[in-house]
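Accompanying notes for the structure given below.
Each reported figure results from applying straightforward, stated rules to the coordinates on display, with no laboratory input. Everything quoted here is computed from the prediction, not taken from an experiment. Backbone-built Cβ (ideal geometry, glycine too); neighbour counts: all protein chains shown.
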Amino acid sequence: MRRFTLTWGLALLLILGAVLPACRPAPEPLAPYRPALISSAQDDLELLADQPRYDITLTVHLDRLLINGQETVHYTNVTNAPLEDIVFRLYPNLPHYGGRLTVTAVRIGAEPAIAISEAGETALRIPLTTPLRPDHELEIELEFALEVQPVHEDTVFGAGQGILSLPDCYPLLAARDESGWRTDAAPSHADAVFSDVALYTVEVTVPAGVIVAGSGITAEQTANEDSTHTWHLIGGPRREFALLLSTDFVSASTPVGETTVTSYYLPEHEEAGRAALRYGAAALRLYSDLFGPYPYRDFSIVAAPLGYRGMEYPGLTLLGLELYDQWINELEFRVVHEVGHQWWYAQVGSDPIREPWLDEGLTEYSTYEYYRLLYGQARADELVQTRWRAAYIYAREQGWDTVVGQPASAFDRNYEAMVYAKAALFFHALRQQVGEEMYMEILRRYLRAYRYRTATGADFLALAEEVSGQDLHPLYTQWIGGHPPTDSAPAGG
Ligand SMILES: [Zn+2]
């Protein structure tokens with residue numbers, strides 16, 4: 001019966017389709033991004049229908065370390081006032097990225113538009129001839145060329161040891177807040193990128209034999225007549241898009257729920273590359289259970305010429321090559337820290353320039369739960385003592401102790417001791433005060449309330465007070481300082 005109805009329904013649809021092509025339903029605009037998300041996160045896309053959508057095409061000329069690119073950005077004005085301009089960030093032009101990103105053409109609709117370079121050529125302002133009204137949408141098309149340089153110390157961007165590390169290798173819309181488009185720069189010791197979540201399709205054409213690791217799922221890979229290959233990647237919702245390329249990458253994968261975790265490493269680091277995969281998969285599983293599900297179908301851990309550091313991107317983590325050999329003892333902690341950023345950065349965004357402690361402190365302290373549940377309470381306590389308390393005490397002895405709730409530029413050599421260690425001790429003190437169960441409830445509620453949005457320290461404090469019914473201002477003032485809100489929900493509210 002059901003089959004009969006379906007068959008006739010299908011026949012009718014085909015007939016209607018043949019005679020009434022204009023009546024076919026419009027393709028669902030969010031359909032291209034659905035494969036990037038697990039089933040329980042599919043509904044997230046409906047909430048993000050007005051977020052920017054990037055369609056990026058990149059052609060990589062490996063021999064010349066040159067990339068030619070084109071992108072189309074669908075942008076909706078979600079503010080309640082007309083927009084006079086659109087601003088992109090060109091992060092590769094930051095001195096500590098050391099690349100050269102040049103926009104060669106800008107069109108709005110199909111019309112050529114002018115663009116004004118700002119903020120030391122790290123921002124591009126495009127004045128609109130007609131202001132964009134609230135809820136209205138426009139299409140911006142940019143053509144660009146990117147020169148990649150050899151990596152140097154303190155950079156996450158560039159070519160080195162056979163790997164091209166290319167986070168943010170395209171014009172990225174600046175974040176917007178109540179002050180307008182944000183073009184302020186973070187100091188080189190802090191994370192640079194501040195942006196809102198967006199949906200991505202990215203096509204990367206590379207010489208045959210190059211492996212592409214990106215912050216998105218690879219939907220397909222096609223061979224072209226000129227012996228290049230085009231990789232089709234889908235990412236969404238992501239705050240930025242990172243790409244890494246190498247002919248040397250080997251990889252290993254493992255499933256965690258509906259997510260495939262993949263570790264990309266150099267062949268000489270087989271054992272460490274597989275260990276990174278195990279740590280990453282364990283942390284992803286554990287944090288999903290504790291805080292709320294990891295929404296993407298992919299997570300990649302990728303070796304990069306970064307020394308012994310790690311760097312987080314939505315759906316992807318870079319790990320410095322030295323972590324695979326001389327700093328192997330740091331590998332597990334570094335992987336687990338970076339996985340934490342998939343909750344406290346990729347999902348719940350915060351301002352890395354004005355409040356770097358918020359995601360770094362919480363990400364750092366989230367490792368406490370990993371070590372406690374996997375290795376026992378003693379190991380977790382040891383972490384508190386050796387990694388955070390010792391660093392904080394040392395900083396105090398050096399006279400480096402200061403207010404944690406400050407912009408990244410307020411710190412120098414005390415950046416890690418304050419923004420990571422002392423901030424982690426705030427979350428530890430909070431957990432001690434409200435108890436484990438309440439602490440976890442606060443984090444789960446924080447995730448639900450601010451997923452894909454940007455939270456502030458004041459938002460976190462207000463939410464923690466509301467959930468716990470406790471006055472947490474004294475604790476916040478003691479550890480974070482700065483200016484907590486005075487008008488937040490009163491204790492017991
Ligand atoms: Zn971090």
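Any residue at all in the stretch 308-317 that is assigned to a loop (DSSP other than H, G, I, E, B), within 16 Å of the ligand (Cβ to nearest atom) and surrounded by 22 or more Cβ atoms within 10 Å (Cβ to Cβ)? Full working, then the answer.
First, pick out the residues of the stretch 308-317 that are assigned to a loop (DSSP other than H, G, I, E, B): 308-309, 314-315.
In the following step, the residues that additionally are within 16 Å of the ligand (Cβ to nearest atom) were identified as 308-309, 314-315.
Among the residues that remain, those that are also surrounded by 22 or more Cβ atoms within 10 Å (Cβ to Cβ) are: 314-315.
Yes: one or more hits.
Take the residues in the stretch 143-159 that are in contact (Cβ under 8 Å) with a residue 24 or more places away in the chain and surrounded by fewer than 18 Cβ atoms within 10 Å (Cβ to Cβ), then tell me which one is nearest to THR363 (Cα to Cα). Before the answer, list the steps.
The initial filter retains those residues of the stretch 143-159 that are in contact (Cβ under 8 Å) with a residue 24 or more places away in the chain, namely 143-149, 151-159.
Still in the running and surrounded by fewer than 18 Cβ atoms within 10 Å (Cβ to Cβ): 143, 145, 147, 149, 152-154.
Numbers: GLU143: 36, ALA145: 35, GLU147: 33, GLN149: 31, HIS152: 27, GLU153: 24, ASP154: 21 Å.
Step by step, filter the stretch 143-159, then rank; the result is ASP154.
Taking the stretch 334-357 only, how many residues are more than 19 Å from TYR294 (Cα to Cα) and assigned to a helix (DSSP H, G or I)?
Selection size over the stretch 334-357: 2.
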| remark: With the first residue restricted to the stretch 179-208 and required to be under 25 Å from PRO29 (Cβ atoms), and the second required to be β-branched (Val, Ile, Thr) and assigned to a loop (DSSP other than H, G, I, E, B), Cβ contacts under 6 Å at 6 or more apart or on different chains are none
| task | Give me the pairs, please: first residue somewhere in the stretch 350-379 and among the β-branched types (Val, Ile, Thr), second residue anywhere and more than 16 Å from the ligand (Cβ to nearest atom), beta-carbon distance under 9 Å, and either six or more positions apart or on two chains. | result | ILE353/ARG182; ILE353/ASP184; ILE353/ALA185; ILE353/PRO407; ILE353/SER409; THR367/ALA380
| request: Starting from the stretch 250-276, keep only residues that are part of a helix (DSSP H, G or I), then list their pairs with residues that are of a type in the set (S, T, N, Q) and buried (at least 20 other Cβ atoms within 10 Å of the Cβ) whose Cβ atoms are within a distance under 8 Å, requiring at least 6 positions of separation or different chains. | output: GLY273/SER263; ARG274/SER263; ALA276/SER263
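Restricting the stretch 63-118 to residues that are part of a loop (DSSP other than H, G, I, E, B) and of a type in the set (Val, Ile, Thr), which is nearest to HIS136 (Cα to Cα)?
Looking only at the stretch 63-118, we keep the residues that are part of a loop (DSSP other than H, G, I, E, B), and these are 65, 77-82, 90, 94-99, 109-110, 113-115.
So of that shortlist, the ones also of a type in the set (Val, Ile, Thr) come out as 78-79, 114.
Details: VAL78: 8, THR79: 10, ILE114: 21 Å.
Restricting to residues being part of a loop (DSSP other than H, G, I, E, B) and of a type in the set (Val, Ile, Thr), the top hit is VAL78.
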| note | Of the residues in the stretch 318-337 that are under 18 Å from LEU383 (Cβ atoms) and of a type in the set (Phe, Trp, Tyr), the one that is nearest to the ligand (Cβ to nearest atom) is PHE333
| task | Mind telling me which of the residues ALA391, ALA417, ALA424, ALA378 ends up being over 23 Å from MET311 (Cα atoms) and in a helix (DSSP H, G or I)? | result | ALA378
